[in-house]
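Reviewing the structure listed below.
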Amino acid sequence: MPTAFITGITGQDGRHLAEFLHGKGYKVYGMMKGQHNPRAEMIREEFPFIEIVPGDLTDLSSLVAALEQTQPDEVYNLGAISFVAMSFNQAELTANVTGLGVLRMLEAVRMVGGATNNPIRFYQASSSEMFGKVREVPQTEMTPFHPRSPYGVAKVFGHHLTVNYRESYGLFACSGILFNHEGPRRGLEFVTRKITNTAARIKLGIEKELVLGNIDAKRDWGFAGDYVKAMWLMLQQREPDDYVIATGETHSVEEFLTLTFDKVGLGDWRAHVRQDPKFFRPAEVDLLIGDPSKAKNQLGWVPEVSFEQLVGMMVEHDLRYESDRLKR
Ligand code: GDD
């Protein structure tokens, strides 16, 4: 039975990936930090097949111990401080977890190694935030980076280090440059889920308004369920490499709003939305649009859920989720 070790198991991608790998017959280990982590119960209930392993991206010895204990074939490093806005206020923590965490994970993989005929394969969750103030449109694996947040800077460090460990030590290490990917499991702090969830709450009379920051920003939004397949595909190739994973389409936050309010049946979003400077960022990423040609040609990966389907899926989920909560 192949085995996978996932950091960031409680996040959106960790949960999608665990489900996907379980479906493929993997034994799945999920790393979780802290003492009596309140999310452990949620994971045990939702995914009883995941074996939780203690460990922390800020503690190398815990990572080595976790890999020694689990002896995985594949390591997926999805753990990070992943909220860009928060990284401005907690820049040092972000550098430590999102940046140095990759170094520690790579060191642990190098030290534990795996069987000589079957060395551990490593996936690093890199991000389109690395492109930041974009140098070209659309962005490819060759586009230079210009990060615009402590989060983006930390991800650039993690990406380069992954490439460096591959080149220096021959590790099977891949960096997936994933553009924004969403779905019903997205955290409520990210703009897409904040919009669909608050719109559902307004519709049900629980909330009065939706307060946002910059609605002109454009993102290449795909479905998280599609994107975790690409992570796995990268680790099944003959040679390790880096790939852009994106839809190749871009939409503004305003377009996301229009579609959501339309689908919820609230009419014009302007009647329900207020902008507040506190949600604007010190430096913004204005436009992201990825070119996934390499992933298509080499991995045979294509996104299956369209932008409109994605919004529909999230709206439907949040209407049901919020009305169920009301009944309880
Ligand atoms: N979160 C949030 N909340 N974003 C807002 C809001 C708001 O109230 N109002 C406007 N925005 C704008 C942000 O300024 C940004 O331009 C855009 O909406 C998207 O913000 P997020 O959903 O927070 O995502 P992100 O693009 O910053 O980062 C996400 O995608 C990256 C991939 O490019 C995160 O998932 C990162 O971890 C990931 O790497």
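The values are calculated or read from the model by the stated rules, or taken from the named source; none is laboratory data. All values derive from a computational prediction rather than experimental measurement. When we count neighbours, we look across all protein chains shown, and the Cβ atoms used for this are built from the backbone with ideal geometry, even at glycine. Just so you know, the surface numbers come from the protein's heavy atoms only, side chains and all, with ligands and any DNA or RNA stripped out. Shrake-Rupley method; radii C 1.70, N 1.55, O 1.52, S 1.80 Å.
I'd like the Karplus ³J(HN,Hα) series for the range 237-252: coefficients 6.51, -1.76, 1.60, θ = phi - 60°, whole numbers in Hz, and an x wherever there's a Gly or Pro.
Running phi through 6.51 cos²θ - 1.76 cosθ + 1.60 with θ = phi - 60° gives 7, 5, 10, x, 7, 10, 9, 7, 10, 7, 9, x, 10, 10, 9, 7 Hz.
Too long at a 18 Å Cα-Cα cut-off: which of LYS194/LYS218; LYS133/LYS294; LYS27/LYS229; LYS263/LYS327?
LYS133/LYS294; LYS263/LYS327
DSSP loop chymotrypsin sites (Phe, Trp or Tyr not before Pro) in the range 1-78 with at most 15 other Cβ atoms within 10 Å of their Cβ, which ones?
Of the chymotrypsin sites (Phe, Trp or Tyr not before Pro), the ones in loops of the range 1-78 whose Cβ has at most 15 other Cβ atoms within 10 Å are PHE49.
Apply the a/c threshold of 1.5 to the C-alpha gyration tensor of the range 82-160 and tell me whether it is rounded, prolate or oblate.
Because a/c hits 1.5 or more and a/b fails to exceed b/c, the range 82-160 counts as oblate.
State, as an integer percentage, the relative contact order of the chain based on alpha-carbon contacts under 8 Å between residues 6 or more apart.
17 percent
Can you give the calculated 222 nm mean residue ellipticity of the chain, where each DSSP H run of n ≥ 4 adds -39,500 (n - 2.57) and the sum is split over every residue, rounded to the nearest 500 deg cm²/dmol?
It lands at -12500 deg cm²/dmol.
Would you give the gap between the C-alpha center of the range 144-188 and the C-alpha center of the range 36-83, rounded to a whole Å?
So the two Cα centres are separated by 19 Å.
Can you give the % of DSSP beta bridges in the chain that are antiparallel, to the nearest 5?
Percentage antiparallel, nearest 5: 10.
Quick one: ranking SER323, SER82 by accessible area, 1.4 Å probe, largest first, what do you get?
On the way: SER323 30, SER82 55 Å².
Largest accessible area first, the list is SER82, SER323.
Run the numbers on the range 185-328 and let me know its relative contact order in percent, using alpha-carbon pairs under 8 Å that are six or more apart.
38 percent
By how many nm would the segment from ARG274 to THR58 grow when fully extended, if each residue of separation counts as 0.36 nm and the alpha-carbon distance is taken off?
In short, 73.9 nm is gained.
Of the listed peptides 299-309, 215-225, 147-157, what is their order by residue-averaged count of other C-beta atoms within 10 Å, with the highest listed first?
In descending order of packing, they fall as 147-157, 215-225, 299-309.
Could you tell me whether the range 123-186 comes out rounded, prolate or oblate from its Cα gyration tensor? Rule is a ≥ b ≥ c as square roots of the eigenvalues, rounded for a/c under 1.5, then prolate if a/b exceeds b/c, otherwise oblate.
It is oblate, given that a/c is not under 1.5 and a/b is not larger than b/c.
Report the gain in length on full extension from MET142 to MET42: 0.36 nm times residue separation, minus Cα-Cα distance, nm rounded to one decimal. Mind dumping the intermediate values first?
Working: separation 100, 0.36 × 100 = 36.00 nm, distance 3.96 nm.
So the chain would gain 32.0 nm between MET142 and MET42.
Between rounded, prolate and oblate, where does the chain land on the alpha carbon gyration tensor, with a ≥ b ≥ c its root eigenvalues, rounded for a/c under 1.5, else prolate if a/b exceeds b/c?
prolate
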